[in-house]
1. Does the range 150-159 include one or more residues that are within 14 Å of Ala49 (Cβ to Cβ), hydrophobic (A, V, I, L, M, F, W, C), touching a residue at least 60 places away in the same chain (Cβ under 8 Å) and part of a loop (DSSP other than H, G, I, E, B)?
2. Need the failing condition index for Pro30 against (1) under 29 Å from Ser143 (Cβ atoms); (2) surrounded by fewer than 10 Cβ atoms within 10 Å (Cβ to Cβ); (3) more than 25 Å from the chain's Cα centre (by Cα), just the number.
3. Exactly one of these conditions fails for Ala19: (1) modelled with pLDDT of 95 or more; (2) under 26 Å from Arg154 (Cβ atoms). Give me its number.
4. Considering only residues of the range 109-155 that are of a type in the set (Gly, Ala, Ser) and in contact with a Gly (Cβ under 8 Å, 6 or more places away or on another chain), which is nearest to Arg42 (Cα to Cα)?
5. When only residues in the range 61-84 that are surrounded by fewer than 17 Cβ atoms within 10 Å (Cβ to Cβ) and in contact (Cβ under 8 Å) with a residue 40 or more places away in the chain count, which is farthest from the chain's Cα centre (by Cα)?
6. Please find, within the range 140-149, the residue that is farthest from Pro30 (Cα to Cα) out of those that are part of a loop (DSSP other than H, G, I, E, B) and over 13 Å from the mean Cα position of the chain (by Cα).
7. Given (1) modelled with pLDDT of 90 or more; (2) within 21 Å of Gln37 (Cα to Cα); (3) touching a helix residue (DSSP H, G or I) at 6+ places or on another chain (Cβ under 6 Å), identify the lone condition not met by Phe123.
8. Applying the selection to the range 42-57, what residues are basic (Lys, Arg) and surrounded by fewer than 16 Cβ atoms within 10 Å (Cβ to Cβ)?
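The values are calculated or read from the model by the stated rules, or taken from the named source; none is laboratory data. Being a predicted model, the structure only gives us computed values, none of them experimental. Here the Cβ positions follow ideal geometry from the backbone for every residue, glycine too, while neighbour counts run over all protein chains shown.
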Amino acid sequence: MKVRSSKGFSLIELMIVIAILGIVLAIAAPNFNKYRQNTNLREAARDLASDISLYRQRAVAENIHYQIVFNQAANNYTVQRETTSGSGAYADLVPAVTKSPSAISGGSVIISNIGLANQWITFQPRGTMDLGSVTLQHTIRLSTATIRTYFTGRVVNVTYNLQN
């Protein structure tokens, strides 16, 4: 008489594996959501910091003033260029460069505090810029990222206060 060997898994074994996976996912999902939200804030802060660095470099390379103007009410910032060297008049770049932290990070990051003398950062052709800070805040997590600018031309320092 031949004995058949069973190959495969029984229904009970499959149900146990699915139950274990469900438990692991239920535990991991909230932590993943926190991680994703804090990562969105970091991404928005890095994007703003890189724009500050880029337009400082362009001001030096092109020997003309640039500025980043913050609109806290609209939760965005616009890059402008001096129309004529030394005129003090600025116009939006063509094509316009207007960015919103919420668009970069999935709609949850806002410009919460602008610690500048004005609502903008001006970049000088000699490599200096306005002293101050801009704080981004995640609306759900309440985590913050503060981007500091220094007069001496040190581009930025980003400080994170991430909530768990």
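1. Within the range 150-159 (the criterion being within 14 Å of Ala49 (Cβ to Cβ), hydrophobic (A, V, I, L, M, F, W, C), touching a residue at least 60 places away in the same chain (Cβ under 8 Å) and part of a loop (DSSP other than H, G, I, E, B)), the answer is yes, since at least one residue qualifies.
2. (3)
3. Failed condition: (2).
4. It comes out as Ser133.
5. Of everything passing the filter in the range 61-84, Asn63 is farthest from the chain's Cα centre (by Cα).
6. Here the answer is Leu142.
7. (2)
8. Listed by number, the list holds a single entry, Arg46.
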